[in-house]
Amino acid sequence: MSAICGLVANDFDLVRLRQALKEMVETLPLYSEIGWQHIVDHPGGGFGVYQQFSQPDTDRLRSVCRQHDLCVVCAGDFYNAPELKAQFNGTGSRLEQEASLIATMYRQRGPRFLSLLRGAFSLAVWDGRRRQLLLATDPFGIRPLHYCFDNARLAFGSRISAVLKAPEIPKRIDLNAIYEYFFFSCIPTPDTAYLGIKKVPPGHYLLFSQASLKIEPYWKIRFEEDFSQSPSYFADGIRTRLKEAVRTQSNYQEPARVGAFLSGGTDSSTISGLLGSVLGRTSKTFSIGFGEDQFNEISYARIANHHFQTEHREYFVTPEDTAALIPDLVQAYDEPFGNASAVPTYYCARLARQNGVELMLAGDGGDELFGGNSRYADDKIFEVYQQVPQWFRKYCFEPLLFGLPMPGNGLFGKARKYVRRSNIPQPQRYFSYNLLYTVDPKEIFSKDFLATIDRDSPLSLAREYYEGAGVTSMLNRLLHIDLKIIITDNDLRKVTRMCELANVRVRYPMLDLDLVEFTGTIPAPLKVKGFDKRHIFKEAFRGFLPPEIIAKKKHGFGLPISPWLRKTSRLRELAQDTLLSQASLQRGYFKPGFLEHLFELHRNDQSNFFGDNLWVFLMLELWHQSNRE
């Protein structure tokens with residue numbers, strides 16, 4: 001694992017610059033093992049690199065390059081580096097490592113070279129001749145970069161904590177980002193929890209020159225549905241591309257140290273099966289279970305393990321495990337992060353590391369590419385009502401449904417709820433399951449808090465992605481939203497950071513660019529056929545996957561936090577003591593009495609909805625308390 005940071009500050013002398021970079025680079029490691037730290041200065045400022053290593057000299061050369069007027073630092077994996085080295089005449093030693101390759105590509109192509117890269121990366125290039133800084137991150141933000149631009153200076157880092165260590169960076173909370181956190185359970189790109197600190201959007205590069213800054217895309221998914229091809233054409237294309245992605249991303253110096261997450265779902269089972277196929281040996285798989293049957297998918301993981309004959313390990317996560325991880329969990333993300341499934345992800349990655357695995361393959365991205373989430377099928381149910389002629393809905397059916405004195409529960413109550421949600425325009429309807437739709441924000445937040453934020457900002461971001469998908473089907477518009485927010489800002493951030501905490505590398509074959517671009521050509525009716533989710537993907541691997549996994553319902557990799565908050569005194573008391581503390585109540589975010597009411601709602605409702613939201617609130621307050629300064 002590696003990380004980078006840097007500072008462009010023409011008004012700093014060399015001593016002050018190096019001290020600032022030293023403090024920034026020291027914040028980069030998540031895992032406690034000793035790694036290699038390096039600082040390189042250039043005429044406009046300097047860069048810092050952290051690299052965990054087993055062979056220091058080799059790893060150092062991979063991350064840093066100084067070529068006359070160019071200085072390059074990079075972090076991550078470049079899957080097509082051998083092909084690029086050949087393309088750019090890399091037969092000599094100076095192109096044997098990634099940083100020197102990037103320097104040569106930049107010198108020949110400028111920022112256009114970024115479209116040639118395949119992998120998970122972040123990088124920085126200082127161009128001394130142009131006195132220009134280039135920052136970039138991969139198309140899905142697997143390796144994020146954060147930056148702060150102020151007073152003709154720019155600080156950046158793989159972690160927010162590195163940017164905050166740069167001189168004269170104010171540590172002020174962005175209340176609008178906090179509101180977005182409650183909406184998405186994470187803070188979406190380009191925002192962070194701090195005013196003035198932003199994330200470089202995935203698939204974009206940033207250019208900073210002479211106190212001016214611009215951000216431009218170098219890659220975006222295109223949805224150009226091809227109705228001229230047969231279903232078998234798309235099924236064959238999926239199989240071929242995904243197998244090649246697994247082959248490429250499982251390439252490691254010690255194949256015996258490669259493994260896969262195996263939840264028992266379609267994606268992880270497919271990756272686990274393909275891994276054994278491309279390695280030509282028994283693959284290593286790792287699963288997490290729970291004592292609560294509602295959340296336990298371990299039986300399907302065992303079916304996949306038996307079917308593919310993997311070398312399999314399991315671990316059952318407990319409430320005590322969750323409580324023990326919370327302090328590290330809060331610190332790992334540098335800002336509030338409310339996805340509770342980070343807990344089982346960490347313990348699964350730790351299990352792999354304890355069994356000698358250094359690289360894990362994960363199945364994230366499949367649902368958002370092929371239409372696997374239940375909300376995609378649910379939305380088609382709501383669209384059925386919109387096909388009814390508007391005059392009949394508006395002037396006949398709805399006046400009758402809402403005007404007559406019918407009971408609010410039972411069939412009529414469900415019909416009213418269905419019609420209300422069906423009439424919400426997209427993409428608002430897609431998020432109508434959200435707490436901020438279920439409960440009026442005026443009942444949650446204080447007047448002062450609401451007066452400082454833009455309540456429409458979460459949906460404005462969703463609309464931007466919805467419309468940015470181009471003229472295509474509604475399903476692909478929703479997939480585009482999820483690729484931008486659910487994948488980049490939630491799932492990938494969750495898995496990548498927890499693997500880093502467990503000292504394990506992770507790669508995502510489903511997000512191979514050749515496969516992703518191919519999915520943009522698949523007609524939406526093949527992704528969700530009727531109400532059959534990810535139809536074409538299941539057809540592609542029918543006969544390869546066990547039939548039980550093909551037929552199973554979507555489960556997800558959730559944590560039983562809601563029942564644990566009811567039954568486990570340690571977690572329940574932690575939540576109550578934290579959220580009802582004087583510090584929390586005086587923070588000014590919430591309407592007086594709301595947090596107490598949230599606990600009451602959770603006690604009286606046996607669903608997971610309010611318990612899952614309690615976790616989101618808890619992670620925010622614990623983050624605040626861990627960052628008192």
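List of remarks:
- Reciprocal of mean inverse Cα separation for the stretch 438-596 (Kirkwood radius, Å): 20.2 Å
- Paramagnetic label reach from GLU311 (point 7 Å along Cα→Cβ; backbone nitrogen cut-off under 14 Å): within the stretch 499-518, no residues.
- At R0 = 25 Å, FRET efficiency that the Cβ-Cβ distance of GLN229 and ARG455 yields, to 0.05: 0.05
- Shape annotation for the stretch 136-182: C-alpha extents along the principal axes are 29, 27, 17 Å, from largest to smallest.
- Overall, the chain carries a charge dipole of about 740 debye about its Cα centre when +1 sits on the Cβ of Lys and Arg and -1 on the Cβ of Asp and Glu, all other atoms neutral.
- Its Cα gyration tensor gives the stretch 60-154 an equivalent ellipsoid; the semi-axes, largest first and in whole Å, are 21, 16, 11.
- Accessible-area composition of the stretch 560-629, carbon plus sulfur, in percent [1.4 Å probe]: 47 percent
- Accessible-area composition of the stretch 154-259, carbon plus sulfur, in percent [1.4 Å probe]: 48 percent
- Kirkwood's formula applied to the C-alpha pairs of the stretch 562-604 gives a hydrodynamic radius of 10.9 angstrom.
- Based on protein heavy atoms only, the stretch 108-170 ends up with 32 Å² per residue of surface accessible to a 1.4 Å probe.
- Segment LYS442-TRP36, extension gain: residue separation times 0.36 nm, minus the distance between their alpha carbons: 141.2 nm
- Greater than 26 Å apart at Cα, pairs in LYS198/LYS243; LYS380/LYS414; LYS527/LYS552; LYS494/LYS591; LYS199/LYS380; LYS22/LYS484: LYS198/LYS243; LYS494/LYS591; LYS199/LYS380; LYS22/LYS484
- Label separation (GLU244 vs GLN354): 3.9 nm, computed from points 7 Å beyond Cα along the C-beta direction.
- FRET E, pair ASP577, TYR433, Förster distance 35 Å, beta-carbon r, rounded to 0.05: 0.75
- Inverse mean reciprocal Cα-Cα distance (Kirkwood Rh) of the stretch 143-257, Å: 17.9 Å
- Amide H contacts under 5 Å for TYR205, placed H, 5+ residues apart: GLU216, TYR218
- Accessible surface computed residue by residue for the stretch 237-327, with neighbouring protein chains in place and a 1.4 Å probe, gives 41 Å² per residue.
- With protein chains left intact and a 1.4 Å probe, residues in the stretch 501-550 average 31 Å² of accessible area per residue.
- Taking 0.36 nm per residue of separation and subtracting the Cα-Cα distance, full extension of the segment from ARG570 to ARG130 would add 152.6 nm.
- Descending principal axes extents, the stretch 349-456, alpha-carbon based, whole Å: 67, 41, 26
- Heavy atoms of PHE544 accessible to a 1.4 Å probe, total area in Å² rounded to 10: 60 Å²
- Only protein atoms count toward the accessible area here, which uses a 1.4 Å probe; on the stretch 369-416, the carbon and sulfur part of that area reaches 67 percent.
- All-pairs alpha carbon distance profile, the chain, 10 Å steps from 0, percent: 3, 15, 25, 27, 19, 8, 2, 0, 0
- Potential lengthening of the chain between TRP391 and THR472 amounts to 26.5 nm, from the contour at 0.36 nm per residue minus the alpha-carbon distance.
- Extent along the principal axes, Cα only, for the stretch 265-392: 65, 40, 29 Å, with the longest axis given first.
The values are calculated or read from the model by the stated rules, or taken from the named source; none is laboratory data. All figures in this text were calculated on a predicted structure; none of them were measured in a lab. Because the Cβ atoms are built from the backbone with ideal geometry, glycine has one as well, and the counts that use them run over all protein chains shown. Just the protein is used for accessible areas: all its heavy atoms, side chains included, with ligands, DNA and RNA removed. Shrake-Rupley method; radii C 1.70, N 1.55, O 1.52, S 1.80 Å.
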